[in-house]
Structure formats: structure tokens, C-alpha cells
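Below you'll find the structure, written out as C-alpha cells, and then a few comments.
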């Protein structure tokens with residue numbers, strides 16, 4: 001199968017979905033109203049609640065939700081064949097991921113920018129709110145630790161990415177100040193900032209930076225400490241100082257990189273070397289239900305609901321923007337997942353060097369994906385995409401060393417924006433939990449951030465060397481997708497209370513909760529067999545919380561349905 005046809009067909013399908021299903025949901029289901037006052041204006045504080053133009057906020061939202069999920073997920077899932085992975089990316093993005101993301105954003109916009117966990121108190125019950133916030137805390141705890149470790153690992157693998165990624169910070173701060181000035185062209189400032197970022201990549205390729213071992217820590221451990229200290233500082237600054245401009249400029253840089261991938265694909269037009277179907281790869285878990293957990297952010301992700309209702313809703317300047325930012329960003333991420341799938345399934349076949357030997361075609365794919373043990377490793381996933389993507393970009397005549405730098409920065413930049421946003425979100429969640437548990441001191445900005453970063457640091461180092469978070473990677477996908485099902489559950493209750501049609505969110509919710517619950521049981525069985533007691537304890541705790549929350553929510557839904565039957569002409573709440 002020609003990879004160019006796959007990419008073009010996927011792009012057309014996503015465009016059609018946006019202009020048909022997306023606009024239908026915006027108009028008929030959520031009834032977006034551009035005249036409704038947004039929290040960014042009603043609660044404006046210059047720190048978290050800041051009205052933000054749609055293009056800038058799209059950049060923040062897209063880069064925050066993308067992370068390395070749509071890179072790692074499809075890079076693993078292709079071991080079962082590119083057909084099942086592609087189908088789930090397309091269908092999941094359109095009918096589940098984009099619906100959840102837009103729904104969470106809309107509900108938060110109509111509730112003073114509160115997180116979807118906090119809103120569960122009003123929509124369901126205070127007890128469910130506490131259960132949901134604890135689940136969210138677990139999710140973000142894992143996310144902050146893992147993405148700090150991901151960045152550290154990629155810095156170790158691709159030291160040429162270090163200088164460009166750190167120089168993004170002063171470039172972003174400069175851009176943020178320029179954009180906020182009156183009379184300054186945002187377009188010209190953006191072009192200048194993107195050009196500066198690509199110049200830093202030239203510098204990075206010429207001067208790779210390798211972190212030495214320090215204080216008994218290996219280089220990865222040192223990077224984890226440095227990155228979490230940075231995350232603390234970044235998450236306590238006003239959003240318009242660093243978070244907004246960095247995410248915005250990262251989005252532009254990442255769109256350029258995606259464009260280079262697309263152009264390389266257009267020039268090279270490689271055939272898919274990966275098998276269309278491979279239902280029993282060596283050592284792999286069953287495709288059903290694990291595919292729906294492994295692809296993760298490439299199709300649907302609970303973390304997206306946290307971003308939508310956590311930082312994005314506090315910055316959105318118009319309810320009408322929820323379609324482009326919520327629905328549109330998810331489809332853009334779906335397209336990124338398709339490009340990753342093609343990079344691993346076709347780009348990798350253009351050339352792979354292992355141990356001094358060169359492989360091409362199906363032999364290259366078979367070498368990289370010889371079995372589940374090789375394919376599921378984080379380093380193997382990242383290198384499969386970076387190498388495959390680099391091969392396609394190199395067809396444009398760009399030197400091989402520079403293409404590796406571009407792809408390395410591409411991966412780290414996504415992880416960096418997710419780390420920044422996840423740390424800020426965890427601060428919000430700690431503050432909400434502190435309020436629920438009546439410990440207001442812990443809810444203040446710096447104590448809450450210290451808990452967010454300190455707990456992630458302990459998790460990353462629980463096995464020493466800063467790589468402890470790697471042991472939680474198998475659990476991350478299950479918890480993340482489970483959270484997506486629970487977010488859809490809350491959105492469904494919101495729609496039920498408004499007397500709106502439920503099947504647009506109810507069917508995806510039932511599917512996600514069933515698949516993730518099933519996958520969680522498989523993971524728990526493997527954890528028990530391998531003696532991974534920390535993973536087992538966290539997994540069992542989350543599963544119990546999920547079941548408890550679902551039971552209480554079903555009871556509320558039955559009560560709401562009974563009231564609708566008794567009073568079909570009742571007036572829905574705003």
C-alpha cells in the first residue's frame with residue numbers, strides 16, 4: 001500500500017469530519033454561543049485566567065495535548081499491523097477523542113473554567129468529585145514523572161536537541177512580549193521566532209550537549225532533576241509569560257516539522273513495509289482490547305479533558321472557539337498519529353542502521369519490530385519514529401544529521417509542553433483536593449506546586465537513577481484511557497441534565513470504560529505475575545475508584561432519566 005494515499009485519504013476524512021460532524025455537534029448538541037461570557041473575562045486575574053486570541057490558544061492546546069502519546073502509541077500499535085492501528089486512529093479521533101475534548105471544554109467554559117473533576121460535584125455528587133479528583137491526581141502524577149523522564153531519555157539519545165529546546169525559552173518570552181504590544185504584527189513576530197528556532201537547530205546539530213553524571217546520578221537522572229525544577233518554575237509563572245508563547249511558538253515549529261514530513265512523504269512516496277495485519281506478534285498481548293489502550297493520545301485521551309477544562313477554558317476568549325480548539329486540535333493530533341504510523345511503517349524501510357548493518361524494506365521493519373519486547377520499549381518507539389521520519393525528510397535534500405536534529409527536537413518539544421501543562425494542572429488538582437479535604441494551606445500556589453513536582457520526583461526515582469517512572473508506562477495507557485471514559489461519563493450527565501441527546505457521548509463512554517477496564521484487568525494480572533507490587537497497588541486502587549464512581553453516576557443518570565420521563569416539557573438548566 002502506498003503511504004501517500006493513506007496520508008491523503010486520512011487528511012480528507014479529517015477535514016470532512018470537522019466540517020460535518022464537528023459543526024453538527026457544535027450547533028445542535030452543545031449549542032455554542034459566541035455571546036456567552038467566558039471565564040477568561042469574568043474571572044480575569046492576569047495569571048491563570050487570561051483572554052487569549054484563538055491562534056495562540058490553539059497552539060497552547062494542541063502542543064499540550066499532543067505530547068509524545070501520538071508518537072509512542074502508534075509506534076507500538078503498528079506491531080499488530082497498520083490497518084487496525086489506522087482504523088482506530090481515524091474512528092477514535094473523530095467519534096470519541098474530538099467529542100470528549102470539545103465537550104470537556106464547553107462544560108468548563110459554562111462553569112467558570114473549573115476542571116472536569118471539580119464539576120463532578122455539581123453534576124453528580126461531592127463524593128464522586130473526590131473520587132474523580134483522586135483518579136486525576138494519579139493520572140497527572142504519572143504524566144509529570146513520565147514526561148520528565150521522556151525528555152531526559154531523548155536528551156540522552158539525541159544530545160543535538162538540547163541547545164534548541166532550551167533556547168526556545170528566551171525566544172518564547174521575547175515573542176510573548178512582542179505579541180502583547182499594540183501595533184506589533186503577530187505574524188511577523190511569529191515568522192522571526194520560528195526562523196530563530198530553526199537556527200538554534202543548526203547550532204544544536206553542530207554542538208551536541210551531553211550531560212555528565214553528577215552526585216551519583218547517571219545523565220538521565222540529572223536531566224530528570226533539572227527538568228522538574230524547570231517545570232516548577234514554569235508552572236508558577238503567569239501563563240502569558242512563558243506557557244502561552246512557548247506553546248504557540250512550539251506549535252508553529254511543530255507544524256513546520258509536520259509539513260516537512262508531509263513533503264518528504266510526497267517526494268519519497270514509500271510503500272508500507274509493515275504488514276497490514278499481524279494479529280499474533282511474538283510476546284504481544286491480545287490486540288483486543290490492548291489496541292485501544294496502546295494508541296492512547298493518537299485516538300482519545302483522558303489527559304485532553306484535563307487540558308480542555310484545566311488551562312484552555314481559563315484562556316478561551318469565545319465559546320465559539322471550542323469547535324476549532326477542542327474538536328480541531330484532536331483531529332490535528334490524529335493526523336500527526338497517521339504520520340507517525342507511516343514513518344514507522346514506511347519511512348523506516350527507507351534505511352535502518354543497526355550494529356553496523358544496513359536494512360531496507362520489510363527487513364528493516366522486521367528488525368525493529370522483531371517482537372513485543374523490542375517494539376514496546378520507549379527508546380525503541382522514539383527511535384523508530386525519529387529514524388523513519390528523518391528518512392522521509394532527508395528525501396528533500398536536507399542533510400541526515402540535521403534531519404535527526406529536527407525529529408529529535410520535534411519529540412522533545414511535544415514532551416516539554418505537556419510537562420509544563422501537566423505540572424500546572426496538577427497544581428490545580430492539589431488545590432481542589434486541599435479544598436475538598438479542608439486543608440486550604442496546601443492549596444496555595446507554591447505548596448500545591450511543590451506537592452506536584454515533589455511527588456513526581458519521588459516516583460521517577462523510586463527505583464533509583466531517575467528511570468523509575470519507566471515501570472509505570474504500562475499503567476499510564478490504561479489510566480489515561482480510563483480517564484477518557486470517565487470524562488465522557490461526566491459530559492453525558494451534563495447533557496442529560498440539559499435534556500440533550502445522549503448517544504453522541506454515551507456510546508463512546510461505554511466503549512472506553514469497557515475496553516479500559518478489560519485492559520486494566522490484563523495489566524493487573526501481569527503485574528501480579530511479575531511481582532510489580534507498586535504497579536499492582538496503584539492499578540487496583542484506580543480500578544476500585546473507577547467502579548465506585550461509575551456506580552454512583554449510573555444512579556444519578558437513572559434519577560435524571562426518571563425526572564425527564566415525569567416532566568418531559570421541563571426547562572433544561574443553562
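The values are calculated or read from the model by the stated rules, or taken from the named source; none is laboratory data. As the structure is a computational prediction, the values presented were derived from the model and not from experiment. Virtual Cβ from ideal backbone geometry, glycine too; neighbours counted across all protein chains shown.
So, residue 402, is that one modelled with pLDDT under 85 and within 27 Å of residue 245 (Cα to Cα) or not? Considered against the rule, which asks whether it is modelled with pLDDT under 85 and within 27 Å of residue 245 (Cα to Cα), residue 402 comes out as no. Scanning the range 360-396 for residues that are within 29 Å of residue 266 (Cβ to Cβ) and at pLDDT below 85 returns 375, 380, 381, 382, 383. Take the conditions more than 30 Å from residue 78 (Cα to Cα), modelled with pLDDT of 85 or more and either assigned to a helix (DSSP H, G or I) or touching a helix residue (DSSP H, G or I) at 6+ places or on another chain (Cβ under 9 Å) (or both) and apply them to residue 446. Does it pass? Answer is yes for this residue. Residue 93 passes every criterion in (1) part of a helix (DSSP H, G or I); (2) modelled with pLDDT under 95 apart from (2). Residue 421 passes all but one of (1) more than 21 Å from residue 172 (Cβ to Cβ); (2) in a helix (DSSP H, G or I); (3) at pLDDT below 85; which number fails? The failed condition is (1). Just one residue in the set 104, 152 is in contact with a helix residue (DSSP H, G or I) (Cβ under 9 Å, 6 or more places away or on another chain), in contact (Cβ under 8 Å) with a residue 24 or more places away in the chain, within 29 Å of residue 224 (Cα to Cα) and in a helix (DSSP H, G or I); that residue is 152. You will find that of 133, 167, the residue that is at pLDDT below 90 and over 18 Å from the mean Cα position of the chain (by Cα) is 133 and no other.
Answer with yes or no whether residue 159 is surrounded by fewer than 22 Cβ atoms within 10 Å (Cβ to Cβ), modelled with pLDDT of 85 or more and over 30 Å from residue 485 (Cβ atoms). So residue 159 fits the description; yes. The residues in the range 108-124 that are in a helix (DSSP H, G or I) and either within 13 Å of residue 38 (Cβ to Cβ) or in contact with a strand residue (DSSP E or B) (Cβ under 6 Å, 6 or more places away or on another chain) (or both) can be counted, and the count is 2.
Quick one: in the range 351-401, which of the residues that are without any contact (Cβ under 8 Å) to a residue 12 or more places away in the chain and assigned to a strand (DSSP E or B) is surrounded by the most Cβ atoms within 10 Å (Cβ to Cβ)? Looking at the filtered set, the residue picked out is 359. Candidates 344, 297: the one that is in a helix (DSSP H, G or I), buried (at least 24 other Cβ atoms within 10 Å of the Cβ) and under 14 Å from the mean Cα position of the chain (by Cα) is 297. Taking (1) farther than 20 Å from residue 550 by Cβ; (2) modelled with pLDDT of 85 or more; (3) under 23 Å from the mean Cα position of the chain (by Cα) in turn, residue 501 satisfies each apart from (3). The residue that is surrounded by the most Cβ atoms within 10 Å (Cβ to Cβ), among those in the range 416-436 that are over 25 Å from residue 247 (Cβ atoms) and in contact (Cβ under 8 Å) with a residue 12 or more places away in the chain, is 433. The residues on offer are 150, 191, and the sole one that is more than 30 Å from residue 547 (Cα to Cα) and surrounded by fewer than 23 Cβ atoms within 10 Å (Cβ to Cβ) is 191. Considering the conditions (1) modelled with pLDDT under 90; (2) farther than 16 Å from residue 153 by Cβ; (3) over 18 Å from the mean Cα position of the chain (by Cα), residue 429 is excluded by exactly one of them, (3). Yes or no: residue 486 at pLDDT 85 or above, in a helix (DSSP H, G or I), on the phi < 0 side of the Ramachandran plot and crowded, with 23+ Cβ neighbours inside 10 Å? Answer is yes for this residue. In the range 549-565 there is no residue matching the filter, namely being buried (at least 22 other Cβ atoms within 10 Å of the Cβ), under 23 Å from residue 286 (Cβ atoms) and either over 22 Å from the mean Cα position of the chain (by Cα) or at pLDDT 80 or above (or both).
Residues in the range 313-330 that are buried (at least 24 other Cβ atoms within 10 Å of the Cβ) and either farther than 18 Å from residue 240 by Cβ or out of contact with any helix residue (DSSP H, G or I) (no Cβ under 8 Å at 6 or more places or on another chain) (or both): 322, 326, 327, 329, 330.
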